Amino acid sequence: MKKLNIFMAVALVAAFAFSSCNSNKAKMPVLKTQLDSLNYAFGLANGDGIKNYYIKGDSAQKSIKALLEGLNEGMKGKVEKGANAEMAELGTKIGSSLKDQQKSGLMGDSSLKVDIKLIKQGLINGLRGSKIQMTPALAQEYLQKTMTVLQSKKMSKLYGANKAAGEKFLAENAKKPGVKTTASGLQYEVIKQGNGPIPTDTSKVKVNYHGTLIDGTVFDSSVERKQPIVFQVNQVIKGWTEALKMMPVGSKYKLYIPQELAYASADRGKIKPFSMLIFEVELLSIEKSLPQQPMPQQAQPAR
């Protein structure tokens, strides 16, 4: 991200701010904290998206006015009707959503308090095409990166025990005969070594697998479904991709995948954040074409 002092109280407010008699004008926000910045960036990114999708042509000013009036009504729990009904209705929905977030927290995070004033100013600046303080692109980037960091910290606090348990398991497992550890931290042992070709990143492979947590809980198994799956090697979690590129067709390996090579802080239902995973994987073949079929939980790309 470009250098952006997003946390300081801006001293140039007066130079950029418009007359206070019109609250729907673009203005420089005062951002003192990370939470201030998140609220403003949230509004700006959404305002820019609405402008690009909905606000067109000569009626732009009327549309913006109707949307902002609808937003105010939505915050009051009212339903806006009349002229520019589509934009007013959109504004009402946005207002209702913001009202809900006042209870649930910004973007559903209860630890982040909603600041309606900053969000609304961000929306206005986005709708007006203003680049005051930050561009919409920087706002979107800031939102994504900051929320990712905050979510990771939150998950670490809630599920740190999973990470510790996985690290302890891997440290002890590495000492067992037959277990090999790669530079990335992936551990594996060879159950059966095949003699066929070895897949590459873009190979489409057919595999059978059985996945468990370290306590033995089965979270996914093509073996139990009696239905092998086909997917591209580089479209699964990192631990699988690395292992498959070591396995000749006909091989069966047992994989011990550290959480950072699996789903890290993501919550995947039965797979809780920071869980290390154990798989038995049998590489059946390299396919010429990829059948259209839904990917099971473990085969979805890690995020």
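The values are calculated or read from the model by the stated rules, or taken from the named source; none is laboratory data. Only a predicted model underlies this, so the values are computations on that prediction, with no experimental measurement involved. Because the Cβ atoms are built from the backbone with ideal geometry, glycine has one as well, and the counts that use them run over all protein chains shown.
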(message) Under 9 Å between Cβ atoms, which residue pairs at least 6 apart in sequence (or on different chains) link something in region 148-160 that is more than 9 Å from Pro273 (Cα to Cα) with a partner that is part of a helix (DSSP H, G or I)?
(response) Leu150/Gln34; Leu150/Leu38
(message) Anything in region 236-260 that is out of contact with any strand residue (DSSP E or B) (no Cβ under 6 Å at 6 or more places or on another chain) and either farther than 22 Å from Ala183 by Cβ or β-branched (Val, Ile, Thr) (or both)? List them, or say none.
(response) Val236, Ile237, Thr241, Gly250
(request) Kindly indicate whether Val281 is at pLDDT 95 or above, closer than 22 Å to Leu170 by Cα and in contact with a His (Cβ under 9 Å, 6 or more places away or on another chain). (result) yes
(request) Return a yes/no flag: does region 214-236 have any residue that is within 24 Å of Ser152 (Cα to Cα), touching a Pro at 6+ places or on another chain (Cβ under 8 Å) and assigned by TED's automatic domain parsing to the domain that holds Ala165. (result) yes
(request) Determine if region 133-145 includes at least one residue that is touching a strand residue (DSSP E or B) at 6+ places or on another chain (Cβ under 9 Å), in a loop (DSSP other than H, G, I, E, B) and of a type outside the set (Gly, Ala, Ser). (result) no
(message) Based on this model, can you work out whether Ala183 counts as in the same structural domain as Ala266 (by TED's automatic domain parsing), outside any loop (DSSP other than H, G, I, E, B) and loosely packed, with under 15 Cβ neighbours inside 10 Å?
(response) no
(message) Exactly one of these conditions fails for Met247: (1) in a loop (DSSP other than H, G, I, E, B); (2) surrounded by fewer than 18 Cβ atoms within 10 Å (Cβ to Cβ). Give me its number.
(response) (2)
(message) Which condition from (1) at pLDDT 95 or above; (2) not in a strand (DSSP E or B) is the one that Ala264 breaks?
(response) (1)
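To keep it simple, each residue is scored yes or no on (1) in a strand (DSSP E or B); (2) surrounded by 15 or more Cβ atoms within 10 Å (Cβ to Cβ); (3) modelled with pLDDT of 95 or more; (4) of a type in the set (Phe, Trp, Tyr).
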{"residue": "Leu150", "(1), (2), (3), (4)": "no, yes, no, no"}
{"residue": "Ser156", "(1), (2), (3), (4)": "no, no, no, no"}
{"residue": "Pro177", "(1), (2), (3), (4)": "no, no, yes, no"}
{"residue": "Tyr188", "(1), (2), (3), (4)": "yes, yes, yes, yes"}
{"residue": "Gly196", "(1), (2), (3), (4)": "no, no, yes, no"}
{"residue": "Thr202", "(1), (2), (3), (4)": "no, no, no, no"}
{"residue": "Tyr209", "(1), (2), (3), (4)": "yes, yes, yes, yes"}
{"residue": "Phe219", "(1), (2), (3), (4)": "yes, yes, yes, yes"}
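Okay, residues lined up against (1) over 23 Å from the mean Cα position of the chain (by Cα); (2) at pLDDT below 80; (3) buried (at least 20 other Cβ atoms within 10 Å of the Cβ); (4) among the basic types (Lys, Arg):
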position	(1), (2), (3), (4)
Ile6	no, yes, yes, no
Val10	yes, yes, no, no
Leu31	yes, no, yes, no
Gln34	no, no, no, no
Asn39	no, no, yes, no
Gly43	no, no, yes, no
Asp48	no, no, yes, no
Asp58	yes, yes, no, no
(request) From Ser203, Ser184, grab the single residue that is touching a residue at least 40 places away in the same chain (Cβ under 8 Å) and within 24 Å of the chain's Cα centre (by Cα). (result) Ser184
